[in-house]
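Engineer: First, the structure itself, so that you have it in front of you.
Just so it is clear, none of the values below were taken in a lab; they were calculated from the coordinates. Keep in mind that what you see is a predicted model, and the values were worked out from it rather than measured. Heads up, the Cβs are rebuilt from the backbone with ideal geometry, glycines too, and the neighbour counts pull from every protein chain shown.
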Ligand code: UDP
Ligand code: MG
């Protein structure tokens, strides 16, 4: 069995979607291994999200792609935009309580990403959590100088899952 981490982000908690979101995972055969509600400060959020050049550029690239899909152009470089997105992400993630959950199951990391859907809710297919509960878009969010409200974080790969589970849960809290 594999473990992965999800976080219901402040928008998901504010909208009262914690139960509905977790049910999606349980329905798919994943089980809750550990869970807690907490309010992260900016320092904690800063330590949680990567801060390397590659990751910041990846954030910028998602915006170029979102603009390209609508025949628009990003007004600043991917690097500059990526840095802004990361800053908005710190502000947003620290803006309210979140729920962190370790989910366990067969091929859990990929299974969860599939159920969550892609970063841009406006591009997520119906049936995914991001596709069913939001129509927000990366492009609109960028224009409004904020992150996209996409409800949920999910570890992207084995290394990320291992690091992120450890970030939220001590050995005693894990089973
Ligand atoms: N994000 C954003 N605009 C972007 C890229 C990312 O608002 O162009 C935010 C969004 O909230 C996302 C988070 O930054 O969930 C982390 O980005 P990542 O690319 O890791 O997306 P995820 O893994 O959550 O799909
Ligand atoms: Mg990610």
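Engineer: Would you mind computing, in nm to one decimal, how far apart the modelled labels at residue 175 and residue 91 are, each placed 7 Å from Cα along Cα→Cβ?
Structural biologist: Reported label-point gap for residue 175 and residue 91 is 4.1 nm.
Engineer: Nearest-5 percent of antiparallel DSSP beta bridges in the chain?
Structural biologist: Roughly 95 percent of the beta bridges in the chain run antiparallel, per DSSP.
Engineer: Given labels modelled 7 Å from the Cα in the Cβ direction, how far is it in nm from residue 57 to residue 158?
Structural biologist: In this crude spin-label approximation the distance works out to 2.5 nm.
Engineer: For q values of 0.10, 0.11, 0.17, 0.24 Å⁻¹, compute log₁₀ I(q)/I(0) with the Debye formula on a Cα-only model of region 83-175, without solvent.
Structural biologist: -0.30, -0.37, -0.86, -1.32
Engineer: Using only Cα atoms, find the angle between the long axis of helix 18-27 and the longest principal axis of the chain, and express it within 0 to 90 degrees, rounded to the nearest 10.
Structural biologist: 70 degrees
Engineer: Follow-up. Please report how far the C-alpha centroid of region 70-145 lies from that of region 1-54, rounded to the nearest whole angstrom.
Structural biologist: After rounding, the separation between the Cα centres reads 13 Å.
Engineer: Find how much the distance from residue 114 to residue 135 grows on full extension, using 0.36 nm per residue of separation minus their present alpha carbon separation; answer in nm with one decimal.
Structural biologist: 5.8 nm is the gain from fully extending residue 114 to residue 135.
Engineer: If we sort 147-156, 73-82, 47-56, 133-142 on the protection proxy, mean other Cβ atoms within 10 Å, highest first, what's the order?
Structural biologist: Listed from highest to lowest mean packing, they are 147-156, 133-142, 73-82, 47-56.
Engineer: Could you state the angle between the C-alpha long axis of helix 158-168 and the longest principal axis of the C-alpha atoms of the chain, as a value from 0 to 90 degrees rounded to the nearest 10?
Structural biologist: Tilt relative to the chain: about 70 degrees.
Engineer: Would you compute, from DSSP H runs of 4+ residues alone, the mean residue ellipticity of the chain at 222 nm, taking -39500 (n - 2.57) per run and dividing by the full residue count, rounded to the nearest 500?
Structural biologist: Value at 222 nm, helices only, nearest 500: -14000 deg cm²/dmol.
Engineer: I would also like to ask the following. Using Cα pairs closer than 8 Å and at least 6 residues apart in sequence, work out the relative contact order for the chain, in percent.
Structural biologist: 36 percent
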